[in-house]
1. Those residues that are among the charged types (D, E, K, R) and closer than 23 Å to Gln117 by Cβ, I need them from segment 1-53; list them, please.
2. Take the residues in segment 33-55 that are part of a loop (DSSP other than H, G, I, E, B) and within 25 Å of Ser137 (Cα to Cα), then tell me which one is farthest from the chain's Cα centre (by Cα).
3. Of the residues Ala69, Ala53, Ala76, which is modelled with pLDDT of 85 or more and either among the charged types (D, E, K, R) or on the phi < 0 side of the Ramachandran plot (or both)?
4. Tally the residues that are polar (S, T, N, Q), without any contact (Cβ under 8 Å) to a residue 24 or more places away in the chain and on the phi > 0 side of the Ramachandran plot, restricting the search to segment 122-174.
5. So Ser112 passes all but one of these: (1) on the phi > 0 side of the Ramachandran plot; (2) small (Gly, Ala, Ser); (3) in a helix (DSSP H, G or I). Which condition number does it fail?
6. Only one of (1) within 24 Å of Pro159 (Cα to Cα); (2) surrounded by 14 or more Cβ atoms within 10 Å (Cβ to Cβ) fails for Ile2. Which number is that?
7. Can you pull out the residues in segment 126-140 that are under 17 Å from Arg113 (Cα atoms) and surrounded by fewer than 20 Cβ atoms within 10 Å (Cβ to Cβ)?
Amino acid sequence: MIYYLEPDDLQKVLDLQNRIYAFLKEQSNPRFIVPRTEAYFTEHLDSPHKIAALQSDDGQHVAQAIFHAPHDFDVAELGVPTLPEGFERGMRASVLQGMLIDPAMRGQGLMSRFIEQWQVWCKDQNISHLAARTEASHGASQHNFKKHGFTLIDTMIDPRDNAKICVFHKKISA
C-alpha cells in the first residue's frame, strides 16, 4: 500500500537512497540517480511537496516518489524554454521530482503504481498539468511515462551532472 511520509521518516528516505546508490555503483552505473542531501529530503517532506512511499510485507521502506506542486509554477520548474502546449498561467501543475525503487523490487510495476497514485493526488489537489523528468538513458522510465499517457515535450542537460534528461507532460482533468 502506498502511503505518505512525514518529517520523522527522513532516515527511511536516506537509507533507501543509500541502498540504491550502492547497488548502482556496484553495477558501475550510478547515472540513474543524483544522490540528494539530508537537507534536500527534509525540504521535500514538507508542503508543497509530498513523498509517497511503499513498504514491503516485512515493513521495509522499498520505494518512494517525490511530487512537487508549487503555487507559482513556471517554466523554471521543468528546465525547458517554454511551457507545454495548453498550459496557461494560473493553472496548477505538479512535477514528479524523483522516484527511487529498491533494486530487489524492480520489475513489479511499482513505478506504474506511483504514477497512478500521483495522478489521483493531483486530481484531489485540483492540479491539471503533470510533468516528469527522467534520464534519456533510462528507457524503462520513459516507457512507463508513455504508457500512462505522458508526451515527451523536450530534452535538456541537467546542470548538476550534465546528464541528458527527457521532459514529459500530461494534462489531466482535475
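The values are calculated or read from the model by the stated rules, or taken from the named source; none is laboratory data. What you see is a predicted model, and the numbers here were worked out from it, not measured in a lab. A quick note on method: Cβ atoms are made from the backbone with ideal geometry, for glycine too, and the neighbour counts reach across all protein chains shown.
1. Here is the first cut: in segment 1-53, the residues among the charged types (D, E, K, R) are 6, 8-9, 12, 15, 19, 25-26, 31, 36, 38, 43, 46, 50.
Residues satisfying the conditions are Glu6, Asp8, Asp9, Lys12, Asp15, Arg19, Arg36, Glu43, Asp46, Lys50.
2. Taking segment 33-55 as the starting set, the residues that turn out to be part of a loop (DSSP other than H, G, I, E, B) are 33-37, 45-48.
Still in the list and also within 25 Å of Ser137 (Cα to Cα): 33-37.
Working: Ile33: 11, Val34: 12, Pro35: 14, Arg36: 13, Thr37: 16 Å.
Taking the candidates together, the pick is Thr37.
3. On the way: Ala69 fails: modelled with pLDDT of 85 or more; Ala76 fails: modelled with pLDDT of 85 or more.
The match here is Ala53.
4. 1
5. (1)
6. (1)
7. Correct list: Ala140 only.
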